[in-house]
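See structure below.
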Amino acid sequence: MSALAQQVGAINLSQGFPDFNTSPELIKLVNTAMKKGHNQYAPMAGVQLLRERIAAKTEKLYGAAYDPDAEITITAGGTQAIFTAITAVINPNDEVIIFEPAFDCYAPAIKLMGGIVKSLELEPPDYRIPWSMVKRLINNKTRMIILNTPHNPTATILHKEDIDQLSAIVKNQDIFILSDEVYEHLIYNGEIHHSMALYPELRQRSFIVASFGKPFHATGWKVGYCMAPAHLMNEFRKVHQFLVFSVNAPIQYAIAEYLKDENTYLSLPEFFQQKRDHFRSGIQQTRFKLLPCSGSYFQSVTYNDITDEKDSDFALRLTKDFGVAVIPTSAFYTRATDHHVLRLCFAKRQETLDKAVERLLRV
């Protein structure tokens, strides 16, 4: 869709990236790190200071003490961390439960390892996980459950009742959790982020994946990290060592310095909620219907009052005929399930969002 948007000159609200730049201060810090000579291989696990800053941040936010030496690894983005965690523990015929619509890298990595994908389809408008169905899927082959909160593409979040249900299901089971938390700082309306790090009984079985690209508006830098108990991280690093070995050194040093100011990430909910609220107020003037948005920088809409076209066909028509590129959520289902829902990214400048709304008003 991004390629099509560029081809036809459409406003690109499809792929999840900002159209504004990252902090000039952070760019300066990268330049400074380069000038200081931090241009060779970083340590395999990541720059020590950055891992220490992540550990301090995690303990302050979630009360969880991770050892920066043995339990945190810097990765080449969140996707690499997800792939590495799956590769580390999934063997042929292991079953992995995922919830669809799902970020598109989960299922292929599972299948590549010979694992079996057990997908549960969630439905709009709230996309809540049916835990009774999850319980029925559990058997002696179940090896992992993959969670994503805040969720891409639905912008939903886990709540305390979800955590309680999950804890009850995995108790006394040999099941790992892979928790994709790359949008951890993009949560709105005063809600809290229910990280697996908050809950000791879940933390001890979890790979937690996070990203710097999303919060610092630098998705092209591809720097993220994974946290896990030492025995799991030991397996993770066996794969990481031969997959990428190490990650961009000067950017690691720069981010470590940047994290000294906690406002760099604590200010993000207000920053993105202003964008969300502004965009939602504009969409309310159109014929599209808003779905709830509790986290991430995506907004989903339904279009049942406009057309009965397939979401993929309508997304193409919106791009070509109205100049706004969006993502059909059927792309996030294995069976291409079509609920007539489209995903739009609001991590854009206000003028970009206003121009997109102006075009959508003509639909």
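Do we have any residue at all in the range 161-169 that's surrounded by 20 or more Cβ atoms within 10 Å (Cβ to Cβ), over 19 Å from residue 297 (Cα atoms) and not acidic (Asp, Glu)? Checked the range 161-169: at least one residue is surrounded by 20 or more Cβ atoms within 10 Å (Cβ to Cβ), over 19 Å from residue 297 (Cα atoms) and not acidic (Asp, Glu). For the range 220-229, residues that are over 16 Å from residue 264 (Cβ atoms) and surrounded by fewer than 23 Cβ atoms within 10 Å (Cβ to Cβ) total 3.
Counting only helices (runs of 4 or more DSSP H) that sit wholly inside the range 1-117, those with at least 1 residues that are outside the structural domain of residue 295 (by TED's automatic domain parsing), among the small types (Gly, Ala, Ser) and over 29 Å from residue 344 (Cβ atoms) are 24-35, 48-62, 78-89.
Restricting attention to the range 165-199 and to residues that are of a type in the set (A, V, I, L, M), over 16 Å from residue 58 (Cβ atoms) and in a helix (DSSP H, G or I), the residue that is nearest to the chain's Cα centre (by Cα) turns out to be 166. Taking the numbered list (1) outside the structural domain of residue 10 (by TED's automatic domain parsing); (2) touching a helix residue (DSSP H, G or I) at 6+ places or on another chain (Cβ under 8 Å) in turn, residue 246 passes all entries but (2). Inspection of the range 301-312 identifies no residue that is in contact with a strand residue (DSSP E or B) (Cβ under 6 Å, 6 or more places away or on another chain) and among the aromatic types (Phe, Trp, Tyr).
Only one of the numbered conditions (1) within 30 Å of residue 289 (Cβ to Cβ); (2) touching a strand residue (DSSP E or B) at 6+ places or on another chain (Cβ under 7 Å); (3) surrounded by fewer than 21 Cβ atoms within 10 Å (Cβ to Cβ) is not met by residue 118, and that is (1).
Condition first: within 13 Å of the chain's Cα centre (by Cα), at pLDDT 95 or above, more than 30 Å from residue 125 (Cβ to Cβ) and assigned by TED's automatic domain parsing to the domain that holds residue 132. Can you find one or more residues in the range 200-221 that meet it? For the range 200-221, residues within 13 Å of the chain's Cα centre (by Cα), at pLDDT 95 or above, more than 30 Å from residue 125 (Cβ to Cβ) and assigned by TED's automatic domain parsing to the domain that holds residue 132: present.
Taking the stated definitions as given, is residue 326 of a type in the set (A, V, I, L, M) and more than 23 Å from residue 152 (Cβ to Cβ)? Spelling it out, it is not the case that residue 326 is of a type in the set (A, V, I, L, M) and more than 23 Å from residue 152 (Cβ to Cβ). Scanning the range 140-160 for residues that are part of a loop (DSSP other than H, G, I, E, B) and buried (at least 20 other Cβ atoms within 10 Å of the Cβ) turns up 149, 150, 151, 152, 153, 154, 155, 156, 157, 158. When residue 50 is tested against (1) closer than 18 Å to residue 259 by Cα; (2) surrounded by fewer than 19 Cβ atoms within 10 Å (Cβ to Cβ), only condition (2) is not met. Of all residue pairs spaced 6 or more apart or on separate chains, those with beta-carbon atoms under 6 Å, a first member in the range 166-188 that is in contact (Cβ under 8 Å) with a residue 40 or more places away in the chain and not assigned by TED's automatic domain parsing to the domain that holds residue 346 and a second member that is surrounded by 24 or more Cβ atoms within 10 Å (Cβ to Cβ) and of a type in the set (S, T, N, Q) are 180/148; 182/211; 183/296; 186/296.
Here residue 312 fits the description: small (Gly, Ala, Ser), surrounded by fewer than 22 Cβ atoms within 10 Å (Cβ to Cβ) and farther than 30 Å from residue 76 by Cα. Pairs meeting the criteria (first residue in the range 337-363 and among the polar types (S, T, N, Q), second residue surrounded by fewer than 24 Cβ atoms within 10 Å (Cβ to Cβ) and at pLDDT below 95, beta carbons under 6 Å, at least 6 apart or on different chains) are 352/19. Once the range 125-139 is narrowed to residues that are part of a loop (DSSP other than H, G, I, E, B) and of a type outside the set (S, T, N, Q), the residue that is surrounded by the most Cβ atoms within 10 Å (Cβ to Cβ) is 127. Residue 19 meets all of the listed conditions (1) under 27 Å from residue 244 (Cβ atoms); (2) in contact with a Lys or Arg (Cβ under 8 Å, 6 or more places away or on another chain) but one, namely (1). If you check 315, 325, 256 for being farther than 15 Å from residue 360 by Cα and modelled with pLDDT of 95 or more, only one passes: 256.
Residues are listed down the side, and each one gets a yes or a no for (1) over 26 Å from residue 79 (Cβ atoms); (2) in the same structural domain as residue 210 (by TED's automatic domain parsing); (3) in contact with a Ser or Thr (Cβ under 8 Å, 6 or more places away or on another chain):
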residue	(1), (2), (3)
132	yes, yes, no
137	no, yes, no
140	yes, yes, no
145	no, yes, no
150	no, yes, yes
156	no, yes, yes
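The values are calculated or read from the model by the stated rules, or taken from the named source; none is laboratory data. Fair warning: this is a prediction, and the values are worked out from it, not measured in the lab. All Cβ positions, even for glycine, are placed from backbone atoms using ideal geometry, and neighbour counts span all protein chains on display.
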